[in-house]
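For reference, the structure is listed below as structure tokens.
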Amino acid sequence: MSHDFGALPAELTQTHPGLGLLRFAALLGESGDGLDDEAWDDMRAAVEAGVLIGLKPSKIWPELAHGLMAGAPSRMIEALRACGALAIALPEVDALFGVPQIADDPPQVDLGAHLMKALDEAAKRGAPLSVRFSLLVMNVGKSDSPREHLPSHYRHIERGGPRIRAICARFQISEDCRALALLALAECERVHRASEVRAGPVALMLERLGAFDAPENFALLMSICACDYCAYGERSGGPYPKAELLTAALNACAGIGLASDQGGLDSAEAVQTARAAAIAKAFGSQRWSGKAE
């Protein structure tokens with residue numbers, strides 16, 4: 001199917017008009033250029049004419065990935081949504097716009113707007129594609145939360161998991177992106193709630209997150225959580241307190257392991273107890289340090 005893009009650069013539309021439209025939207029995140037009304041109208045007309053219909057998802061993903069890795073990924077998302085392409089290429093993400101999310105500062109945000117701020121925060125921090133993809137999809141289970149529960153999203157993890165897997169299968173997303181997105185879905189909100197007064201749960205969380213066995217994945221998850229946290233209010237570019245807390249906890253119990261490791265302990269339970277005690281000592285916890293409460 002052909003379409004005359006008119007106002008859009010001809011070199012982007014020579015191979016396939018649909019890919020050209022996606023590529024143009026992706027490039028907006030790099031150039032910082034604004035679009036005039038003619039260009040917006042032309043993009044909308046192209047989508048309405050069906051330039052994305054029949055386009056293989058495996059062809060679409062490289063263009064989306066390019067835009068996600070740009071300096072301002074939100075500009076691509078904004079452009080795709082404005083012309084109707086996001087609803088075709090990523091309906092799970094498009095459905096998040098207009099859905100409220102409970103927060104602390106401000107007390108409520110729009111999930112779509114929050115997603116775009118989180119992606120731009122990831123770009124500012126130079127985050128890899130796996131982090132940006134996770135931020136893009138980790139809330140897709142919230143799009144159809146029961147209206148009576150809003151702005152809370154009960155059981156969104158159960159809804160989100162199959163959707164993330166379906167997106168990954170559709171676009172042939174790499175396993176590292178898929179695994180990290182599912183980890184972020186399950187753990188990001190838990191990380192936000194981590195508390196220094198509960199050393200035992202913190203020790204268990206570190207193990208569950210792979211902080212001891214896969215520190216690189218732990219670091220990526222902390223990056224996701226930091227971008228999500230800093231997308232609220234005016235926090236952009238600031239520190240993420242829970243990452244600092246969990247990193248301090250991890251450092252406190254470094255070297256505590258099973259007997260298979262030199263100087264280790266003889267059971268998983270003993271390891272957990274020792275790690276919790278070390279974390280509590282680092283946090284100054286009365287309960288775990290042996291001081292009177």
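The values are calculated or read from the model by the stated rules, or taken from the named source; none is laboratory data. None of the values given here were measured: they were computed from a predicted structure. Virtual Cβ from ideal backbone geometry, glycine too; neighbours counted across all protein chains shown. Only protein heavy atoms, including side chains, enter the accessible area calculation; ligands, DNA and RNA are left aside. Shrake-Rupley method; radii C 1.70, N 1.55, O 1.52, S 1.80 Å.
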Ellipticity estimate at 222 nm from DSSP helix runs (n ≥ 4, -39,500 (n - 2.57)) divided over the chain, nearest 500: -18500 deg cm²/dmol
Degrees, to the nearest 10: 57-68 long Cα axis against longest axis of the chain: 70 degrees
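Which FRET efficiency value, to the nearest 0.05, do you get for residue 53 and residue 166 by plugging their Cβ-Cβ distance into 1/(1 + (r/R0)^6) with R0 = 25 Å? All intermediate terms of the calculation are to be shown ahead of the outcome.
Working: r = 19 Å, r/R0 = 0.78.
Result of the calculation: an efficiency of 0.80.
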Between residue 236 and residue 150, 0.36 nm times their residue separation minus their Cα-Cα distance comes to what? 28.4 nm
Ordering of 133-145, 74-86 by burial proxy (mean other Cβ atoms within 10 Å per residue, highest first): 133-145, 74-86
To test your reading of the geometry: what angle, between 0 and 90 degrees and rounded to tens, separates the Cα axis of helix 111-124 from the longest principal axis of the chain? 80 degrees
Under 19 Å from the Cα of residue 281, which lysines turn up, not counting those fewer than eight places away in the same chain? 242, 291
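Suppose all protein chains stay in the model; what accessible area per residue would a 1.4 Å probe give for the stretch 16-89, in Å²? Write down the numbers at each step before the final one.
Numbers: 3050 Å² over 74 residues.
Heavy-atom accessible area per residue stands at 41 Å².
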Run the accessible area of the stretch 16-89 with a 1.4 Å probe and give the carbon-and-sulfur part as a rounded percent. 50 percent
Expressed as a rounded percentage, what relative contact order does the chain have, with Cα pairs under 8 Å and six or more residues apart? 14 percent
Residues of type aspartates and glutamates that residue 124 reaches as a straight line, Cα spacing below 17 Å, ignoring anything fewer than 8 places off in the same chain: 30, 228, 234
In the stretch 218-251, which residues have a backbone nitrogen under 11 Å from the label point lying 7 Å from residue 103's Cα in the Cα-to-Cβ direction? 228-236
How far is helix 215-230 tilted off the main Cα axis of the chain, in degrees rounded to 10, range 0 to 90? 60 degrees
